[in-house]
């Protein structure tokens, strides 16, 4: 699990916020994700298809505009890292991916200001597109949404970034932004 450079995230049809995560060209998901209902703080659970909980993601505050979403390995209870909305991200989505020590290792950044404005002001039918960029400006991956009835993203990793943070970060961003 998490050995590939390509992942696909598909939002499931149904009540609630649920996703399947696929690795490489696999036909079966490696993880299912769901957002817990009726929680003051955002709470996500990532499990294997047979139900074993692998990761927990929980907001550190009630207000999501200032929240960081801590990613914890459910088997070891160790922090993997976190996903944090950047302050300037209201016009263009931008989320920092932090390692276990709290250091920014990459930023999930929406493609450009014009497309961001069109998505928010004209139509939500324009698919979202993100770059995964290290603090020194190196693009280490991309996240592209395909046009479909439910959200569907392809993540392509080309550099040194923890795939767990890229995949989980993409699910969290989609769920909280309601893309």
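Every number here is computed from the coordinates shown, using simple stated rules; none is lab data. For clarity, every value in this text was computed on a predicted model and none was experimentally measured. When we count neighbours, we look across all protein chains shown, and the Cβ atoms used for this are built from the backbone with ideal geometry, even at glycine.
With a Förster radius of 30 Å applied to the beta-carbon distance between residue 177 and residue 28, the computed FRET efficiency rounds to 0.65. Taken along the Cα-to-beta-carbon direction at a fixed 7 Å, the label points for residue 103 and residue 139 span 2.5 nm. Segment residue 112..residue 76, full-extension length gain: 9.1 nm, with 0.36 nm per residue of separation and the alpha-carbon distance subtracted.
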